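Student: Structure below; questions to follow.
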Amino acid sequence: LNFIRQKLSYQSDLSKNGGMLHDNSEAVVWCVQKDQHLEYTSRALDSMPLAQLHLGSFPSCDIELDLKVIRGLELLGVLKGGNKYKLSEAKARCKILSQDIDVIRSLLSFHADNQNHQSNSSIHLGGQYTLVKLIDSAVESVRKEFLQHSIEPHLVICAQSTSASLVAAALATWKAQRFRSMSTSRKHQIEDLLHRAVTVVTFGAVCQKFCDGPAYIHISMHDDQLARKFGVTEKNQQGGGRDAVYLHAWSPYEEKKEDVISLTDHDSHNTNACAIQFLYLVMRINGISSFRALYNAARYIDPRAVLDINPRNFAIDYSRHKLGDLLIAPNMDHELLPAMIRATEGDQWLWNQYIIDSDFLPDSQEAKAYLEEYFGYSSYEEIIEVLSSKD
């Protein structure tokens, strides 16, 4: 993990000693199936060192499907109408692209879980086997840490959208391998080691089968229909993992489509266009530089805050803007998040042209005013400088 942290992680040369979100105690591995533009992600997070692990993808295939299934896949945006078939036929042969197979697998696993079928935690891709080995190394490092024989950084696994389901399968596979022929008490010890060793951060996860053990931080937008329907949120925590933390905000993008099913239908599901900026704001506002510190702060329960009267009955309810020990700024949705997207040029990654042509974000002067009001003078220029620095 030290090698990943020091040699394989991207970080701009501007901040060799790290920015505000720099922490040597963690090795952050971003799990992807296609190019995540990790250089931009690192810069948007104030030059946080990030390593990229390509999980791999399933090959495109030709398969025979009945017409009802074909129409269903077309509604999901998986089949784009390029396949030709006759309405009089009962079945037709269709070509399904590699990236669409990932969506289908995530939706099928969601359906199987809802039907109380046994969850399939098998792994098939090379990157998933690599991830299992990384998890094994992280747990072993924590075990040695108790004996004061290890100075390895802790493992942080980041994943977005359908990639989160592949990460969940790798975690479940690691647990299944360790749990073979173990007593119940021993299993609890392994889960505790896994919790200390691994932090999992998801962005708009399309998955509802995260096994207990790791410290989970699930980040998504309130208006991300995919995460609401097929993922885990504060209101739908089933399958999110024990003691998971949920962070939500509203994206500044308005929907034109009533039904949002395809992955790129709405930019609230677009990690680089809003979720990364939201994460940065939460960490900077609270002076946090590591994901484990973020998790611990969100899980913190102040014994002095346990009152016999519900805080919501007070004239001013301060608890609405706090999660554990985390402060969530009251102007996050309408001012800070849109301003941060403008400052980090997150709109360059937008999927939908109608948003690009619209005025959903403040101009640079307004964005500067919002950010400098909260973070002080020159904060806007500092963000721009990190983004524009050359390697």
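Student: Determine whether Val260 is aliphatic (A, V, I, L, M), in a loop (DSSP other than H, G, I, E, B), at pLDDT 90 or above and under 24 Å from Gln36 (Cα atoms). If you could, list the steps in order and put the result at the bottom.
Tutor: On the way: aliphatic (A, V, I, L, M): yes; in a loop (DSSP other than H, G, I, E, B): yes; at pLDDT 90 or above: no; under 24 Å from Gln36 (Cα atoms): yes.
No; evaluated as a whole, the condition is false for this residue.
Student: Which pairs have Cβ atoms under 8 Å, sit 6 or more apart or on different chains, and link a residue in the range 13-39 that is at pLDDT 70 or above to one that is open to solvent by 80 Å² or more (accessible area, probe 1.4 Å)?
Tutor: Filtered contacts from the range 13-39: Val32/His54; Gln33/His54; Gln33/Gln99; Lys34/Gln99.
Student: Now for a separate question. I need every pair where a residue in the range 173-185 that is farther than 18 Å from Lys209 by Cα has its Cβ under 6 Å from the Cβ of a residue that is in a helix (DSSP H, G or I), sequence separation at least 6 or different chains.
Tutor: Arg178/Ile190
Student: Which of the residues spanning the range 357-382 are open to solvent by 40 Å² or more (accessible area, probe 1.4 Å) and closer than 17 Å to Ala44 by Cα?
Tutor: Passing the criteria: Ser364, Lys368, Phe375, Ser378, Glu381, Glu382.
Student: Still on this structure: Restricting attention to the range 121-131, does a residue exist that is at pLDDT below 65 and either assigned to a strand (DSSP E or B) or open to solvent by 50 Å² or more (accessible area, probe 1.4 Å) (or both)?
Tutor: no
Student: What about Tyr253, is it in contact with a Ser or Thr (Cβ under 7 Å, 6 or more places away or on another chain) and within 21 Å of Asp347 (Cα to Cα)?
Tutor: Criteria met by Tyr253.
The values are calculated or read from the model by the stated rules, or taken from the named source; none is laboratory data. Quick caveat: nothing in here was measured; it's all calculated off a predicted structure. Positions of Cβ are generated from backbone atoms using ideal geometry, with glycine treated the same way; all protein chains shown enter the neighbour counts. Note: areas computed on protein heavy atoms with side chains; ligands, DNA, RNA excluded. Shrake-Rupley method; radii C 1.70, N 1.55, O 1.52, S 1.80 Å.
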